[in-house]
Amino acid sequence: MSLFSPRERAHVKELVEAYPLCWIVSESAGERFATPLPLLPEQGANGEVESLFGHIAFSNPQQKALEKDPRATILCMGPQGYISPRLVSNPTWGPTWNYAVCRFETEVRFVPDETDTALSMLARALEGTAPGAWNPGEMGERYHQLKKHIVAFRARVLETHARFKLGQDENETVFKDIVDGLGDRALSAWMSRSRAQEK
């Protein structure tokens, strides 16, 4: 296992949940396609992400392309940012970039009968369950009109490649300097959690 591999399988699922807008990249008949789409990770019994659930518009040419060739690469970008030497007390330290990313090699299958489920699950994931949270049913008849233009899909994960470069290779002093001086709270939180798991 690499120093920058996530220490627990569940962390990949948590990354997609926290940063659901992923790029789905595919190719068909020599033409390349790339679409940003919010996706929901589905976890298998072994704790790994076994599929990604979402929807795509019929008007998007990538939808037809995926019907012909269902293989797709899905890219998830989590917290990331430049780490400046000005944050570090050691004058010999050089700059770096910290990040948590994941690449999934997948096979896409369209599941039109699950479009309602995909929309309601996505709304619940993004809106939460607090009082006043929006749900698709509030759209009334317009929901049914708009739903005709999209289709749900499930991207079955064939391979997962995750890299969480979050300061695991820094000594205690440098790591503390970075976390204390970093303005990006999301990135510093992921760094701190990753560091705690190393101990």
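Every number here is computed from the coordinates shown, using simple stated rules; none is lab data. Everything numeric here is computed off the predicted structure, so don't read it as measured data. FYI the Cβ positions are ideal-geometry reconstructions off the backbone, even for glycines, and counts take in every protein chain you see.
Regarding the stretch 8-15, can at least one residue be identified that is over 21 Å from residue 118 (Cα atoms), over 15 Å from the mean Cα position of the chain (by Cα) and not hydrophobic (A, V, I, L, M, F, W, C)? Yes, because at least one residue in the stretch 8-15 is over 21 Å from residue 118 (Cα atoms), over 15 Å from the mean Cα position of the chain (by Cα) and not hydrophobic (A, V, I, L, M, F, W, C).
For residue 97, the conditions (1) surrounded by fewer than 17 Cβ atoms within 10 Å (Cβ to Cβ); (2) outside any strand (DSSP E or B) all hold with the exception of (2). Could you grab me the full set of residues in the stretch 113-160 that are charged (D, E, K, R), within 26 Å of residue 76 (Cβ to Cβ) and not in a helix (DSSP H, G or I)? If the condition is that a residue be charged (D, E, K, R), within 26 Å of residue 76 (Cβ to Cβ) and not in a helix (DSSP H, G or I), then 154, 156, 159 are the ones that fit. Against the condition closer than 30 Å to residue 71 by Cβ, under 23 Å from the mean Cα position of the chain (by Cα) and surrounded by 18 or more Cβ atoms within 10 Å (Cβ to Cβ), how does residue 123 come out, does it pass? Taking the combined requirement at face value, the residue does not satisfy it.
Pick out, from the stretch 29-73, the strands (runs of 3 or more DSSP E) lying fully within it that include 3 or more residues that are on the phi < 0 side of the Ramachandran plot and without any contact (Cβ under 8 Å) to a residue 40 or more places away in the chain.
Values: elements: 31-38, 40-43, 49-57.
Hits in the stretch 29-73: 31-38.
Within the bounds of the stretch 28-45, is there any residue that is surrounded by fewer than 19 Cβ atoms within 10 Å (Cβ to Cβ), touching a Leu at 6+ places or on another chain (Cβ under 8 Å) and among the acidic types (Asp, Glu)? Looking through the stretch 28-45, at least one residue is surrounded by fewer than 19 Cβ atoms within 10 Å (Cβ to Cβ), touching a Leu at 6+ places or on another chain (Cβ under 8 Å) and among the acidic types (Asp, Glu).
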